[in-house]
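A.B. asks: Encoded as structure tokens, here's the structure I'll be asking about.
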Amino acid sequence: MIQHWNALTFLHWRLPAAAVQRLLPAGLTVEERDGSAWVGLIPFVMEVGLPRVEPIPYVSRFCETNVRTYVRDAAGRAGIWFFSLDASRLGAVAVARSTYRLPYFW
């Protein structure tokens, strides 16, 4: 799969780490910066496709917004925990949920 993210906006809010930690699954620890957890709201335009295949009009381009925080796993590796991934194309949501088991919503 090929993905292009266009017109990204990164909005972040500082929150108490304990409040965000309560929302995470076991095994993940909220990553703190400047003594706080940070939760982001990131809207953008997604363009998806397959290598060497022409994009399908309407289907290949849609708006997406994700809500995320930054975490560490039990081994100390950094990562991103997505509270939600919202997309404007029902087909994209269905594929992401069934194929990649991602928490996408329409």
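The values are calculated or read from the model by the stated rules, or taken from the named source; none is laboratory data. Nothing here was measured: the structure is a model prediction, and the numbers come from that model. Neighbour counts run over all protein chains shown; Cβ positions are idealised from the backbone, glycine included. Surface accessibility is based on the protein's heavy atoms, side chains included, excluding ligands, DNA and RNA. Shrake-Rupley method; radii C 1.70, N 1.55, O 1.52, S 1.80 Å.
A.B. asks: Ordering TRP13, TRP106 by how much accessible area each has at a 1.4 Å probe, largest first, what is the list?
C.D. replies: My answer, sorted largest first, is TRP106, TRP13.
A.B. asks: Round to a whole number: what % of the accessible area of the chain belongs to carbon and sulfur, probe 1.4 Å?
C.D. replies: 62
A.B. asks: Could you give the length gained by full extension between GLU54 and LEU15, i.e. 0.36 nm per residue of separation minus their alpha carbon distance, to one decimal place?
C.D. replies: Working: separation 39, 0.36 × 39 = 14.04 nm, distance 4.31 nm.
Working it through step by step, the gained length comes to 9.7 nm.
A.B. asks: Taking the Cα atoms only, what angle lies between the long axis of helix 90-100 and the longest principal axis of the chain, rounded to 10 degrees?
C.D. replies: Tilt relative to the chain: about 60 degrees.
A.B. asks: Evaluated at 20 °C with a viscosity of 1.002 mPa s, what Stokes-Einstein diffusion coefficient in µm²/s does segment 1-61 have when Rh comes from the Kirkwood expression over alpha-carbon pairs?
C.D. replies: D = 149 µm²/s.
A.B. asks: Which one, LEU102, TRP13, GLY49, projects farthest toward the positive side of the charge dipole computed for the chain from Cβ point charges (K/R +1, D/E -1)?
C.D. replies: Sorting the options by dipole projection puts first LEU102.
A.B. asks: Moving to a separate point now. Please tell me the relative contact order of the chain in percent, rounded to the nearest whole number, where contacts are Cα pairs under 8 Å and at least six residues apart.
C.D. replies: Relative contact order here is 23 percent.
A.B. asks: To continue, here is another question. Taking the solvent-accessible surface of protein heavy atoms with a 1.4 Å probe, what is the per residue accessible area of the chain in Å²?
C.D. replies: Averaged over the residues of the chain, the accessible area is 67 Å².
A.B. asks: How long is the gain from MET1 to SER98 if the chain were fully straight, where each residue apart is worth 0.36 nm and the alpha carbon distance is subtracted?
C.D. replies: 33.4 nm
A.B. asks: LEU23 to VAL45: extension gain in nm, 0.36 nm per residue of separation minus the Cα-Cα distance?
C.D. replies: Full extension from LEU23 to VAL45 adds 5.2 nm.
A.B. asks: A further question on this structure: How far is the Cα center of segment 64-100 from the Cα center of segment 1-56, in Å?
C.D. replies: 7
A.B. asks: Now a separate question. If you place +1 on the Cβ of every Lys and Arg and -1 on the Cβ of every Asp and Glu, how big does the dipole about the Cα centre of the chain come out, in debye to the nearest 20?
C.D. replies: Rounded to the nearest 20 debye, it is 160 debye.
A.B. asks: May I ask you to give the average projected area over all directions of the convex hull of the Cα atoms of segment 37-106, in nm² rounded to one decimal?
C.D. replies: Average of the hull's projected areas for segment 37-106 equals 5.9 nm².
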